[in-house]
Amino acid sequence: MACVCPAGKAGARKAGLDLGGRRCPFSIPTQPQSPATGARVPARFDDIDIGQVVSLGACTVDAAALEAFCADFTPGWTPDRGAPDAMIYALWAKLDAAAGAAWPQTKRLGVDALRWLRNPPPGELLRGRMTIMAKDPVGEGKGIVIAQHDLLDEAGRLVFSCLTRSVFSR
């Protein structure tokens, strides 16, 4: 388990968040997952193919993290309703950040068309994938990549999706 919030547990304390001795609610176990057969992690802009599908990895909705998240960030939401939308977004953001750490992505321009389709229960395994929808060269050294990101549950049902626009080095 590792804290996946941007500031980390120490940063949460500095920001005035009282964790009451608990681990950060963003401490979510993740397991690396290799890209789908034939898919390669995006490299330079010119090496990315439209239609390419890349695995973002997988994570489980941890029951303790869900309870802590509900208590700290979604008052009125009970864990028996599954992971709230904000936690689903945080899970996707964690997988996206971990998968894209080594990519030559220089900037995320936007996250659009967010869709939440279901709230997975504790223990549910979620898999992330990114599909390259379009790309547009911008000058000599960079290009914009538009991608659809999906989180799927164990049965392959869509839990969350969004579109991203990112700048990649050429």
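Table for the structure above
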| read-out | value |
| --- | --- |
| All-pairs alpha carbon distance profile, the range 106-170, 10 Å steps from 0, percent | 21, 41, 24, 12, 2 |
| Listed peptides 103-113, 80-90, 129-139, 61-71 by packing density, highest first (mean Cβ within 10 Å) | 61-71, 80-90, 129-139, 103-113 |
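Just so you know, all these numbers are worked out from the coordinates, no wet-lab data involved. Worth saying up front: this structure is predicted, and the values here are computed from it rather than measured. Here Cβ is always computed from backbone atoms with ideal geometry, including for glycine, and neighbour counts include all displayed protein chains.
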